[in-house]
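Here the structure is laid out as structure tokens; the discussion comes afterwards.
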Amino acid sequence: MGVPNDKDDAVLIEKGKTQGEPWVITVNCPDKSGLGADICRTILEFGLYISKGDVSTDGKWCYIVLWVVPHSSTRTVLWVNLKERLLLFCPSCSLSYYYAPPAPRKTSPLYLLRFCCLDRRGLLHDVTQVFSELELTIERVKVTTTPDGRVMDLFFITDNLILLHTKQRQEETYEQLRSVLGESCISCELQLADSNYETRQGTSYISPAVAEELFASEYSKDVCHMQKLSPELTKLKNAVVNVDNSLSPSHTLLQIHGLDHKGLFYDIMRTVNDQDVKILHGRFSVVAKGHRDIDLFIQQKDGKKILDPEKEHLMCSSLKTEMLHPLRVLIANRGPDTELLVANPVELSGRGRPRVFYDCTVALKQLGICVFSAEIGRFSASDREWEVYRFLLDENCEYQLLKPEARNQIVDRVRRVLMGW
């Protein structure tokens with residue numbers, strides 16, 4: 001592993017030699033806990049797909065190479081911005097890093113963006129896409145539609161560029177929103193959120209029956225039959241996670257085989273990190289017939305192999321769960337209305353999966369379904385925290401929302417967009 005001259009050399013991004021070839025992202029910097037999960041999460045947030053990868057570390061220094069391609073439906077990738085974001089996660093290359101604790105990473109304050117406009121089909125997605133292009137992260141949202149056809153939107157956002165306090169960045173945000181809202185925009189206001197506002201408020205009430213189905217640790221055969229899951233989901237049951245301690249005197253080999261999906265590497269990295277396990281070497285193979293083979297040489301944080309059968313079982317079970325269904329999608333009744341719910345597990349660091357709200361709005365726009373109201377909140381279930389996205393669907397669409405067939409089609413489309421199928 002070569003040592004870069006300064007932190008700017010810690011991340012290199014090279015364009016594919018020919019049209020259609022993957023871009024190559026190389027990270028060469030001091031190691032730290034959770035670095036791989038941070039990198040994979042950021043790549044996913046930029047709408048990129050990891051085609052293959054190699055990871056190596058000696059516990060002090062790491063070397064990561066990832067081959068990435070943009071998803072077909074993604075925004076234009078600003079590679080310079082991606083490099084800057086990845087550099088934020090890389091520890092300093094100076095020797096002082098090993099003798100002094102690193103300075104805390106600068107984070108964006110929480111802002112409230114409030115606007116009122118006339119409703120139209122696809123509006124929520126168009127606004128969400130503006131936030132994605134501006135690298136503004138939606139932390140929480142409250143969208144309501146009034147009887148006279150006006151939309152009142154409250155978006156609690158953070159700025160990944162940490163520039164939203166500047167007049168130039170604010171004007172850029174206003175300009176992009178007005179270009180989408182057009183003459184239908186009635187008012188638009190941006191301000192710092194109230195310091196007493198808690199971003200981790202729980203969601204509104206979810207009935208026990210809906211919660212049990214949404215947060216179930218496994219999909220039962222009855223649920224699979226009822227929801228008529230996508231054909232790909234039947235293949236998910238072929239997911240295999242094995243542990244082998246015979247090949248290395250100092251490492252445990254973790255072998256993973258399963259169906260590929262968008263964010264798979266992120267799901268594996270965050271799960272391993274949450275299990276208090278570190279990856280010393282790893283190889284992510286290219287896709288073969290829709291499946292991936294992943295080999296990870298791992299250790300406990302104390303540098304020892306994983307020999308405890310209970311810890312092995314917990315780790316394998318957690319990984320398999322995340323491969324089987326990293327995101328939960330369900331349609332339920334909310335009084336007389338029809339509601340789409342999407343649940344996203346939260347990392348131990350407190351962050352949820354990126355782009356979920358964006359992908360949900362993509363799917364609903366493709367289906368031609370308007371959203372009467374929407375909200376994001378947190379919910380505790382199954383001994384973990386979840387980020388829950390709730391969309392109250394407008395009945396005035398081509399789908400008869402009370403019919404199981406229509407609901408199955410909506411769930412299937414939303415799931416396909418979320419999983420990248």
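Nothing in this text is a laboratory measurement; each read-out follows from the coordinates by a stated rule. Quick caveat, the model's predicted, so the values are computed rather than measured. Quick reminder, even Gly has a Cβ in these numbers, built from the backbone with ideal geometry, and neighbours come from all protein chains shown.
With R₀ set to 56 Å, the beta-carbon distance separating Gln300 from Asn396 gives a calculated FRET efficiency near 0.50. Under the criterion of Cα pairs below 8 Å and six or more residues apart, the relative contact order for region 235-277 equals 33 percent. Of the DSSP H helices in the chain, those that are both long (alpha-carbon extent of 20 Å or more along the helix axis) and hydrophobic (Kyte-Doolittle mean at least -1.0) are 309-324, 404-419. Calculated FRET efficiency, Asp383 to Gln19, Cβ-Cβ distance, R0 = 35 Å: about 0.15 to the nearest 0.05. As a ratio to 2.2 N^0.38 Å, the alpha-carbon radius of gyration computed for the chain takes the value 1.01. For the chain, the relative contact order is 16 percent, taking Cα pairs closer than 8 Å that sit 6 or more residues apart in sequence and dividing their mean separation by the residue count. With contacts taken as Cα pairs under 8 Å at a separation of at least 6 residues, region 107-199 carries a relative contact order of 45 percent. Treating r as the C-beta distance of Cys188 and Asn245 and R0 as 41 Å, the FRET efficiency rounds to 0.10. For region 254-375, the dipole from Cβ point charges (+1 on Lys and Arg, -1 on Asp and Glu) about the Cα centre works out to 300 debye, to the nearest 20. Name the residues of region 323-365 whose amide N is less than 11 Å from a point 7 angstrom out from the Cα of His71 along the C-beta direction? Output list for this probe position: 354-363. As an equivalent ellipsoid, region 282-412 spans semi-axes of 36, 18, 13 angstrom, where each value is the square root of five times an eigenvalue of the C-alpha gyration tensor, largest first. Diffusion coefficient (Stokes-Einstein, Kirkwood radius over C-alpha pairs, 25 °C, 0.890 mPa s) for region 107-199: 182 µm²/s, rounded to a whole number. Convex hull volume of the Cα atoms of region 262-336, normalised per residue: 128 Å³. Pairs from the table (Lys52/Lys262; Lys32/Lys278; Lys142/Lys403) lying more than 21 angstrom apart at Cα are Lys142/Lys403.
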